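Have a look at the structure below, then the notes.
The values are calculated or read from the model by the stated rules, or taken from the named source; none is laboratory data. Please read all numbers here as calculations on a predicted model, not as lab measurements. Neighbour counts are summed over all protein chains in view; Cβ atoms, including those assigned to glycine, are modelled from backbone coordinates with ideal geometry.
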Amino acid sequence: MCEGKTPSQPWGNHELQCYANDKNNVRVEKGNLVLTATPLNTPQREHNYTSGKLIGKKGFTYGKFEMRGRVPKGKHLWPAFWMLPKDFVYGSTFAASGEIDIMELRGDEPGKIESTIHYGGTKPNFKSSGGYVGDFYRSFADDFHTFGCIWSNTSIDFYVDDLVFHRERIDRSMYSGSGPNPYTKNGQPFDKDFQINLNLAVGGAFFEPPEITEADARKWPQPSYVIDYVRVYKQKN
């Protein structure tokens, strides 16, 4: 663990960064939120990089969630705009209470974004399903784009620059079919408050081996995740 820092989330992603409350990692610049990944000058045993993460204070059930930003570019950089349950009503172990990954991307594949939901039960008895965009853009790191989802009690639609590219139906049983069933109704666990997360991770299970090295990191062409805004629109009755 990086001394005085916060380690990455405990879902078993094997990420290499610690999250630091440091202006080198989290700052506001020209009206934008900037999250930057930085290799440590003195490598630690487990986490050799610092980076930035923000967790929203308010929970939301249903609505339109949108972020406008420019993603980083570089080997094993992992920016994300996603949501976790506020209260983990259906269980605190991944992924019984669900997870909504609105946008995540590999920094060495900056032209492809993925959007995924996780549900079904506790690890390893869970399911993941989603879609991706990789055919329309050369690189999401070259300019600002809008990423978002429209979440209702029947579906979650994922979009980029107002183009809906994937729909997940949630008006069904979300049970994985194995292990204990944490749900009693269709649509659970996506019927409770979720909180917005923004972070920039380094390495981990999202990438194929070999793992990144400090020498690779010092060649990152664009190690910052720049967020112009995050907006939430309430669903009309």
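Kindly list, by first and then second residue, each pair from a residue in the range 189-212 that is of a type in the set (Asp, Glu) to a residue that is in a strand (DSSP E or B) and at pLDDT 95 or above, limited to pairs with Cβ atoms under 7 Å and residues at least 6 apart or on different chains.
Listed pairs, sorted by first residue: Asp193/Phe60.
So, Pro189, is that one surrounded by fewer than 18 Cβ atoms within 10 Å (Cβ to Cβ) and not charged (D, E, K, R) or not?
No: the conditions fail for Pro189.
Considering only residues that are surrounded by 12 or more Cβ atoms within 10 Å (Cβ to Cβ) and among the small types (Gly, Ala, Ser), look in the range 12-39 and name the one that is modelled with the highest pLDDT.
Filtering the range 12-39 for residues that are surrounded by 12 or more Cβ atoms within 10 Å (Cβ to Cβ) and among the small types (Gly, Ala, Ser), the one modelled with the highest pLDDT comes out as Ala37.
Looking only at the range 183-237, count how many residues are small (Gly, Ala, Ser), at pLDDT below 95 and closer than 26 Å to Ala95 by Cβ.
Final tally of qualifying residues: 3.
Filter the range 40-53 down to residues that are part of a loop (DSSP other than H, G, I, E, B) and touching a Cys at 6+ places or on another chain (Cβ under 9 Å) and give me whichever is surrounded by the most Cβ atoms within 10 Å (Cβ to Cβ).
Only one residue tops the list, namely His47.
Please enumerate the residues belonging to the range 168-188 that are closer than 17 Å to Ser129 by Cβ and in contact (Cβ under 8 Å) with a residue 24 or more places away in the chain.
Glu168, Ile170, Met174, Tyr175, Ser176, Gly177, Ser178, Tyr183, Gly187, Gln188
Return yes when Arg167 is over 29 Å from Ala20 (Cβ atoms) and under 19 Å from the mean Cα position of the chain (by Cα) and no when it is not.
Considered against the rule, which asks whether it is over 29 Å from Ala20 (Cβ atoms) and under 19 Å from the mean Cα position of the chain (by Cα), Arg167 comes out as yes.
Every residue in the range 160-174 that is under 27 Å from Tyr90 (Cβ atoms) and either of a type in the set (A, V, I, L, M, F, W, C) or surrounded by 13 or more Cβ atoms within 10 Å (Cβ to Cβ) (or both), please.
His166, Arg167, Glu168, Ile170, Ser173, Met174
Starting from residues that are within 23 Å of Phe65 (Cα to Cα), crowded, with 17+ Cβ neighbours inside 10 Å and not small (Gly, Ala, Ser), keep the ones in the range 193-214 and report whichever is farthest from the chain's Cα centre (by Cα).
Among those residues, the one meeting the criterion is Phe194.
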